[in-house]
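Comments concern the structure below.
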């Protein structure tokens with residue numbers, strides 16, 4: 001490996017392995033300690049499991065701290081890239097995922113799944129696709145030499161749009177697929193997992209930058225929170241799969257079935273963003289991270305909402321967790337494609353190095 005080659009740290013590079021180990025640990029825990037799992041399931045208020053809620057917050061809050069909403073003003077300098085990304089994220093992606101999930105679960109795999117389980121898988125995939133990725137996008141952008149300021153703008157805008165669009169889109173698509181969802185639970189989930197952490201993240205960021213300075217905030221405070229986020233993700237997966245253990249051991253094939261439409265949707269949307277960016281002559285350092293944002297998901301939010309709406313042991317929750325399982329290897333493949341096709345964007349004369357293959 002060359003000195004200048006970019007790579008993920010050990011947790012990010014092998015996240016799929018850690019997720020796999022958490023699946024095994026969770027299933028084993030569920031089989032060996034059913035009493036403990038049952039006790040954990042009872043710690044809830046208004047349908048929200050308190051243990052999972054705390055863990056989800058430990059994942060989401062550090063992400064919100066990274067968002068600099070003042071950077072949104074920079075979007076007017078190069079609007080084409082952000083418009084393409086937003087178009088795919090909010091006009092195409094949720095609806096294409098709903099279609100692929102409906103096609104595979106209700107038709108192609110209909111003989112392998114019962115109607116109720118198929119509908120829950122559809123719901124989980126819809127929830128997953130309606131939440132664009134946040135934190136991991138910065139990692140993917142780094143690996144494709146993306147413009148960090150522009151990536152930040154894309155993430156900040158997605159977070160703001162999620163405040164008003166996530167719940168209506170999920171409700172509409174679930175309604176179209178004949179899945180009944182209590183609107184109050186969905187809006188409560190948006191309040192709990194988007195509005196509150198986003199507000200606290202903004203306030204905390206503003207205060208700490210003023211009190212401690214940017215260097216301390218970036219290099220000390222955020223650095224200390226990163227292991228907490230990863231640990232919270234892994235513990236969450238262990239607990240979820242502890243509740244899903246009986247379902248998984250009874251029919252582990254379902255995980256593979258769930259992965260099929262998710263994989264198709266990832267490559268479909270990333271290709272669409274990348275192709276439109278090429279068509280409209282968007283620079284590679286904007287097009288590549290845009291394609292990655294269009295393909296990845298805010299799975300922490302998706303898992304939290306699926307649990308709130310359908311419960312820890314539901315098929316919908318399992319579908320969102322499968323999204324976590326496949327995300328890293330799939331996104332790394334998209335990173336590889338973007339890097340190998342850099343020469344396609346030779347028209348990007350603003351940065352001569354983008355013409356290099």
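The values are calculated or read from the model by the stated rules, or taken from the named source; none is laboratory data. Just so it is clear, the structure is predicted and the values come from calculations on it, not from any experiment. Cβ: placed from backbone, ideal geometry, glycine included. Neighbour counts: every protein chain shown.
Results, tabulated for the structure shown:
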| read-out | value |
| --- | --- |
| Filter result for the condition that a residue is at pLDDT 90 or above, on the phi < 0 side of the Ramachandran plot, out of contact with any strand residue (DSSP E or B) (no Cβ under 8 Å at 6 or more places or on another chain) and surrounded by fewer than 24 Cβ atoms within 10 Å (Cβ to Cβ), over 325, 253, 276 | 276 |
| Set 105, 99: member being assigned to a helix (DSSP H, G or I), free of Cβ contacts under 8 Å to residues at least 24 places away in the same chain and more than 27 Å from residue 59 (Cα to Cα) | 99 |
| In segment 279-308, the residues that are touching a residue at least 24 places away in the same chain (Cβ under 8 Å), out of contact with any helix residue (DSSP H, G or I) (no Cβ under 6 Å at 6 or more places or on another chain) and farther than 19 Å from residue 160 by Cα | 281, 283, 285 |
| Residue under evaluation residue 337, criteria (1) in contact with a helix residue (DSSP H, G or I) (Cβ under 6 Å, 6 or more places away or on another chain); (2) farther than 17 Å from residue 233 by Cβ, criterion not met | (1) |
| Residue selected from segment 186-206 under the condition over 14 Å from residue 62 (Cβ atoms) and touching a helix residue (DSSP H, G or I) at 6+ places or on another chain (Cβ under 6 Å), by the criterion modelled with the lowest pLDDT | 186 |
| Matching residues in segment 65-96 - criterion: being in a helix (DSSP H, G or I) and modelled with pLDDT under 75 | 69, 70, 71, 72, 73, 74, 75, 76, 77 |
| Among (1) modelled with pLDDT under 80; (2) part of a helix (DSSP H, G or I); (3) surrounded by fewer than 19 Cβ atoms within 10 Å (Cβ to Cβ), the one test that residue 172 misses | (1) |
| Hits in segment 109-125 (condition: surrounded by 13 or more Cβ atoms within 10 Å (Cβ to Cβ) and more than 24 Å from the chain's Cα centre (by Cα)) | 109, 112, 113 |
| Single residue of 209, 233 found to be closer than 27 Å to residue 304 by Cα and either in contact with a helix residue (DSSP H, G or I) (Cβ under 9 Å, 6 or more places away or on another chain) or at pLDDT 85 or above (or both) | 233 |
| Failed item, numbered, when residue 297 is tested on (1) surrounded by fewer than 23 Cβ atoms within 10 Å (Cβ to Cβ); (2) modelled with pLDDT of 80 or more; (3) in contact with a strand residue (DSSP E or B) (Cβ under 9 Å, 6 or more places away or on another chain) | (1) |
